Amino acid sequence: MSPKKKTKAKLDKTISTKKWFLISFVILLSGFLIYYFVFRNSEPKFVKEGEVKFLKAVDKSLVKQIDVEVVTGIEEQKQGLMHRSQMEENNGMLFVYPNQSRLSFWMKNTLIPLDIIFIDSKGVIDTIYRKTTPHSETSLPARRNVQFVLEVNGGFSDRFGIKEGDLIEYQIISKN
């Protein structure tokens, strides 16, 4: 083989290798982009299933109304707001238990700070944990037996002047 043909063969092999690397890179990049934009954004989406009204204890005047997801099942209770990167200001999650009991929550796998509001069977706010720490495994118990727990964005209670002793009223609109 002539030196000219050997050089051309090496050049062809180099171009072929570069094409292979380029194709491999494009395939890997495509896979990453598909994962990033499809699977990464697979966190649970908010679904309005009810409404909660916050009322002042003194005169039962309306302070704020929000839309809520309603949680009744054990698996839903375990999931809660874990793995969600955000929640709209006027949204929350209402946990409804069949009876009053001594409940306690934590923030494991929860990405956003929350106000966790414990409420008795009459709708009276018993305990509020404000601006809880994401990922914390510290137990946050109600002071007394409660039947409902409401999770809203951290700082929500302070922004709207919601205090222990205030009331809530809720309405379940739909439960899928």
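So that you can scan it fast, the table gives a plain yes or no per residue for (1) modelled with pLDDT under 95; (2) β-branched (Val, Ile, Thr); (3) not in a strand (DSSP E or B):
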| position | (1), (2), (3) |
| --- | --- |
| 38 | yes, yes, yes |
| 44 | yes, no, yes |
| 58 | no, yes, yes |
| 65 | no, no, no |
| 77 | yes, no, yes |
| 84 | yes, no, yes |
Task: Identity of the residue in region 67-90, in contact (Cβ under 8 Å) with a residue 60 or more places away in the chain and in contact with a Lys or Arg (Cβ under 8 Å, 6 or more places away or on another chain), that ends up farthest from residue 133 (Cα to Cα) - done: 72
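Yes or no: residue 129 under 22 Å from residue 47 (Cβ atoms), modelled with pLDDT of 95 or more and hydroxyl-bearing (Ser, Thr, Tyr)?
Working: under 22 Å from residue 47 (Cβ atoms): no; modelled with pLDDT of 95 or more: yes; hydroxyl-bearing (Ser, Thr, Tyr): yes.
Considered against the rule, which asks whether it is under 22 Å from residue 47 (Cβ atoms), modelled with pLDDT of 95 or more and hydroxyl-bearing (Ser, Thr, Tyr), residue 129 comes out as no.
Quickly run through region 132-162 and pick out the residues that are out of contact with any Phe, Trp or Tyr (no Cβ under 7 Å at 6 or more places or on another chain), under 14 Å from residue 111 (Cβ atoms) and without any contact (Cβ under 8 Å) to a residue 40 or more places away in the chain.
Of region 132-162, the ones out of contact with any Phe, Trp or Tyr (no Cβ under 7 Å at 6 or more places or on another chain) are 132-135, 141, 143-145, 150-159, 161.
Retained after the next criterion (residues that are under 14 Å from residue 111 (Cβ atoms)): 132-135, 151, 153-154.
Passing the criteria: 132, 133, 134, 135.
Go through the residues of region 148-166 one by one and say whether even a single one is in contact with a helix residue (DSSP H, G or I) (Cβ under 8 Å, 6 or more places away or on another chain), outside any strand (DSSP E or B) and modelled with pLDDT of 95 or more. So that I can check it myself, show each step before the final result.
Looking only at region 148-166, we keep the residues that are in contact with a helix residue (DSSP H, G or I) (Cβ under 8 Å, 6 or more places away or on another chain), and these are 162-163.
When the remaining residues are screened for being outside any strand (DSSP E or B), the result is 162-163.
Within this subset, residues satisfying the condition of being modelled with pLDDT of 95 or more are 162-163.
Yes, region 148-166 contains at least one residue that is in contact with a helix residue (DSSP H, G or I) (Cβ under 8 Å, 6 or more places away or on another chain), outside any strand (DSSP E or B) and modelled with pLDDT of 95 or more.
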Open item on the list: Being modelled with pLDDT of 95 or more and not hydrophobic (A, V, I, L, M, F, W, C) is the filter here; which residues of region 105-122 pass it?
Closed with: 113, 115, 120, 121, 122
TODO: Return yes or no: is residue 131 among the charged types (D, E, K, R) and touching a helix residue (DSSP H, G or I) at 6+ places or on another chain (Cβ under 9 Å)?
DONE: yes
TODO: Only residues that are surrounded by 13 or more Cβ atoms within 10 Å (Cβ to Cβ) and either within 25 Å of residue 161 (Cβ to Cβ) or in contact with a Cys (Cβ under 7 Å, 6 or more places away or on another chain) (or both): list them for region 71-88, please.
DONE: 81, 87
TODO: Give the number of residues within region 137-176 that are under 24 Å from residue 88 (Cα atoms), surrounded by fewer than 13 Cβ atoms within 10 Å (Cβ to Cβ) and of a type in the set (Ser, Thr, Tyr).
DONE: 1
Open item on the list: Restricting to region 91-109, count the residues that are assigned to a loop (DSSP other than H, G, I, E, B) and surrounded by 14 or more Cβ atoms within 10 Å (Cβ to Cβ).
Closed with: 4
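The values are calculated or read from the model by the stated rules, or taken from the named source; none is laboratory data. Predicted, not measured: the structure shown is a model, and the values here were computed from it. Heads up, the Cβs are rebuilt from the backbone with ideal geometry, glycines too, and the neighbour counts pull from every protein chain shown.
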